[in-house]
Amino acid sequence: MKLLRWPLRLTVLGFFGGCWLFAGIYLYLSPNLPNVETLRDVRLQTPMRVYTRDGDLIGQFGEQKRNPLTYDQIPQQFVLALLAAEDDGFFSHGGIDFGGLLRAVSELVLTGEKGSGGSTLTMQVARNYFLTLDRTFMRKFNEILLAIEIERRLSKEEIFELYVNRVFLGHRSYGFEAASQVYYGKGIGELNLAQHAMLAGIPKSPSRNNPLSGPKAGKDRRNWILGRMLSLDYIDQATYDAAVALPVTATQHGARISLEAQYAAEMARRQMVQRYGMSAYNEGYSVYTTLDSKLQQVASAAVVDGLMTYDSRHGYRGPEEQLPGAALAPDAPLPLKEWLGVLENTPVIAGLEPAVVTGVDDAGITVLLRDQRQVRVEWEDGLRQARPYLSENRMGSSPATPADVAAPGDLVRVKLSDNERWRFAQVPDAQAALVSLNPNNGAIVSLVGGIGFEKSKFNRATQAQRQPGSNLKPFLYSAALDAGFTAASIINDAPIVMEDRSLEGVWRPENDSGKFFGPTRLRWALTKSRNLVSIRLLQQLGVRRFINYADQLGFDTEDFAPDLSLALGTHAMNPLEIASAYAILANGGYRVEPFLIQRIDNLAGETVFEARPATVCRDCGQQEEASVQNEELSMEEILAAEETNALPGPERVMDERVNFIIDSILQDVIKKGTGRRALVLKRDDIAGKTGTTNGPMDAWFSGYNPDVVTTTWVGFDNYTPLGRREFGGTAALPIWINYMREALAGLPEKPRDLPPGVIHVRIDPATGLLAPADQRDAIFEYFRAENLPEQGEGEGTGPTGTDDLIQEIF
């Protein structure tokens with residue numbers, strides 16, 4: 001009996017000794033343990049996502065890819081796979097698996113190597129959120145103590161949720177939802193069992209077991225987990241057999257961008273960093289922009305189509321590169337592997353695929369694509385039309401055979417056409433920009449900063465400072481009308497020669513046609529974009545007076561050169577500035593500030609910012625009148641009116657009557673002036689103005705109706721000429737038309753009401769004076785009441801619009 005008592009005593013002593021040791025360690029370590037309650041308010045580093053107003057993702061920013069899930073969002077099949085892989089007793093133990101720990105210790109003692117580890121999911125949560133990865137006994141004790149505390153404070157579901165959202169899973173993905181997107185391009189709820197098991201196997205060795213870096217190791221781990229699920233009765237034999245038979249299907253996926261709008265997404269990113277600093281990248285903000293998804297797509301297509309059309313008028317510039325290895329013996333194999341490496345590093349731009357010519361014959365060419373396919377481009381599919389570029393004004397002769405256009409080793413571009421045939425193409429050297437706004441509040445509806453973000457990240461819509469040319473003239477004429485000139489005022493279209501030190505000597509401006517047309521009414525001068533009339537008008541108005549008026553409209557006039565060249569739009573501006581100014585013309589004379597971010601939500605889905613732009617309320621007067629007259633309004637009309645009235649009103653910066661008259665002139669620009677191509681839209685409520693600078697180097701068109709204002713620009717980044725036949729009406733206006741055709745589709749026409757104080761009377765087109773009742777060639781014109789002209793004496797001749805058919809596009 002005495003012999004039996006000693007082992008019992010030793011066991012009891014060992015137990016109490018262990019308890020005392022554990023209690024001592026706890027007392028020593030517990031004061032320094034972090035507060036587990038902070039896990040309830042843990043902030044996971046989640047990337048910023050940028051959306052259109054319709055909810056299409058256009059950008060994701062942040063180093064760590066993370067998409068947090070709640071427990072209810074996690075598929076049960078994946079829960080079982082992860083339990084089988086990491087901790088099948090998770091829902092039954094108290095945070096510590098003592099059997100697993102003893103097993104891990106015995107493996108370490110017997111083999112000298114770390115074995116199964118023995119860490120539960122709760123212990124891994126403690127390590128991932130609070131501790132370092134140092135392999136020390138002290139850290140292990142901390143881990144155990146924290147696990148016990150976590151189990152006391154949080155539910156099993158909360159702990160599981162913390163683990164699933166924090167663990168690193170390779171390729172900068174943190175959490176299983178992000179990993180699912182990275183490796184499979186879809187949410188974890190859309191994956192099959194084999195894919196769930198593959199993901200569940202990654203935490204053991206993220207760099208080795210992930211299906212991209214280590215597909216074989218990852219598959220072995222996946223199959224082991226499936227075997228564990230079978231042994232634990234989580235799945236049956238048939239399900240196991242089907243899952244282990246599946247191949248590894250993972251491929252690299254980025255964020256699922258559903259709409260190409262990188263220039264706007266980058267603008268939003270910059271604004272978010274200005275607002276929140278570097279935390280913008282990891283606080284999980286959802287940024288909703290003002291972009292319209294459909295119109296953004298239309299804008300991108302219009303810019304690409306416009307540049308491709310321009311480019312086709314100027315010839316083929318040759319291959320982007322001549323790759324080595326093509327000049328081999330006829331029977332030598334081509335270096336396809338090396339060429340594929342070049343293709344892999346050559347981006348697709350505007351839908352134009354990079355390709356290497358592998359063969360040329362009399363019927364066409366064969367090209368190698370980046371996906372290793374070799375496809376045919378026939379002679380009729382772009383090769384025959386590839387006349388060589390000689391200069392911006394000249395092309396060479398048409399090619400006679402495909403060999404005149406391409407040779408093996410040429411790095412070229414091809415595009416799949418609508419009829420599933422590959423066409424020969426090239427990336428245009430010219431660039432373009434498009435900005436479209438809601439003129440009533442400044443919301444940016446669509447924005448394109450170039451032919452492709454992949455080619456150049458420079459945003460020409462906001463960063464390019466270019467001379468607007470005649471695009472600025474409507475504001476000079478508005479200043480003149482405000483000062484007492486009228487649309488019927490006569491200015492002599494005659495040669496000007498002046499010496500001006502600020503303009504570097506003698507200045508001899510001309511009309512684009514090189515002709516002079518004598519006394520001209522201001523309406524006709526702006527309709528036909530007469531340069532000399534504009535210069536003389538500025539001279540009579542006064543440069544300082546015009547600069548002050550432009551400042552009132554919102555232009556940054558600090559660097560305006562105080563000379564007569566301002567009449568020709570020589571001060572550089574970007575397309576967004578021009579579009580913002582044209583919004584004043586479109587909305588009746590109010591200054592609105594352009595803005596891109598409509599709303600910002602935090603990770604919890606709470607709105608932390610919502611734009612409240614100054615908004616023009618066109619119907620407010622009608623609504624007040626209806627209220628006074630006790631007319632009934634629908635609930636929708638009442639709510640809309642209350643929402644609009646709650647927003648601040650913008651500042652009026654242009655007299656309503658001046659605005660009406662300048663708008664009527666800009667409608668004439670489209671009806672019978674430099675913007676006649678826009679007549680194809682068959683609308684009577686559109687107005688606009690072309691612009692072309694010397695060279696010509698910059699081509700513009702800005703136009704609008706009461707609902708949409710859009711500016712388009714075309715030019716070269718290096719300021720080389722576009723070509724002598726390229727103007728605002730030929731290069732920029734077609735882009736505007738293609739965009740506005742869709743932007744205005746389904747919108748009713750909105751003719752303007754004649755504002756109080758504007759009089760519509762008959763005038764003599766030659767003199768601009770009031771016409772006698774019997775004058776046969778009299779025309780109607782709008783005047784502010786105080787600027788009504790005097791009575792004329794009779795018929796005359798002059799620029800009535802019937803004897804001057806030359807269309808100047810400047």
Report task. Can you grab the distance from the C-alpha centre of region 292-351 to the C-alpha centre of region 429-488, Å, no decimals? Result -> 30 Å
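How would Met697, Met48 line up from fewest to most surrounding beta-carbon atoms within 10 angstrom? Display every interim value, and only then the final one.
Values: Met697 18, Met48 23.
Listed from fewest to most nearby Cβ atoms, that is Met697, Met48.
Suppose R0 equals 41 Å; then what is the FRET efficiency for His253 and Asp72 from their Cβ-Cβ distance, rounded to the nearest 0.05?
Values: r = 25 Å, r/R0 = 0.61.
About 0.95, to the nearest 0.05.
Cα-Cα over 28 Å: which of Lys689/Lys750; Lys455/Lys672; Lys294/Lys337; Lys337/Lys457; Lys415/Lys689; Lys515/Lys682?
Details: Lys689/Lys750 19 Å; Lys455/Lys672 38 Å; Lys294/Lys337 40 Å; Lys337/Lys457 30 Å; Lys415/Lys689 34 Å; Lys515/Lys682 31 Å.
Violating the 28 Å limit, Cα to Cα: Lys455/Lys672; Lys294/Lys337; Lys337/Lys457; Lys415/Lys689; Lys515/Lys682.
With the cut-off at 1.5 for a/c, could you classify region 682-782 from its C-alpha gyration tensor as rounded, prolate or oblate?
Values: a/c = 3.26, a/b = 1.59, b/c = 2.05.
Oblate, because a/c is 1.5 or more while a/b does not exceed b/c.
For each of Ser391, Ser489, Ser436, count neighbouring Cβ atoms within 10 Å of the residue's Cβ, then give the residues from fewest to most. Before the final figure, lay out each step's value.
On the way: Ser391 10, Ser489 21, Ser436 28.
Ranking Ser391, Ser489, Ser436 by Cβ neighbours within 10 Å, fewest first, gives Ser391, Ser489, Ser436.
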Query raised in the report: Once fully extended, how much extra length lies between Lys750 and Lys216, figured as 0.36 nm per residue of separation less the alpha-carbon to alpha-carbon distance?
Result: 185.7 nm
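Once you list every other residue whose beta carbon is under 15 Å from the beta carbon of Met573, what net charge do they have if Lys and Arg are +1 and Asp and Glu are -1? Display every interim value, and only then the final one.
Values: positive: Arg460, Arg466, Lys473, Lys689; negative: Asp551, Asp556, Glu558, Asp559, Glu577, Asp698.
Neighbourhood net charge equals -2.
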Query raised in the report: With the dipole of region 185-275 worked out from charges on the C-beta (+1 for Lys and Arg, -1 for Asp and Glu) around the Cα centre, which of Ala250, Asn210, Met229 lies farthest toward the positive end?
Result: Asn210
Report task. Along Cα→Cβ, 7 Å out, is where each label goes; now give me the distance between the ones at Tyr719 and Arg544 in nm to one decimal. Result -> 3.0 nm
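Cα gyration tensor of region 335-425, axes a ≥ b ≥ c as square roots of the eigenvalues: rounded (a/c below 1.5), prolate (a/b > b/c) or oblate? Working shown, then result.
Numbers: a/c = 1.59, a/b = 1.51, b/c = 1.05.
Since a/c reaches 1.5 and a/b is larger than b/c, the shape of region 335-425 is classed as prolate.
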Requested in this report: Pairs of Cα atoms under 8 Å, at least six residues apart: use those to get the relative contact order of region 335-425, whole percent.
Outcome: 29 percent
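Counting other beta carbons within 10 Å of each residue's own, what order do Lys337, Lys671 fall into, fewest first? Don't jump to the answer; show the numbers that get you there.
Numbers: Lys337 9, Lys671 15.
By the 10 Å Cβ count, ascending, the order reads Lys337, Lys671.
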Query raised in the report: What whole number of Å gives the distance from the Cα centroid of region 239-281 to the Cα centroid of region 403-423?
Result: 32 Å
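FYI, it's all coordinate maths here, none of it is from the lab. Because the structure is predicted, anything quoted here is derived from the model rather than measured. Virtual Cβ from ideal backbone geometry, glycine too; neighbours counted across all protein chains shown.
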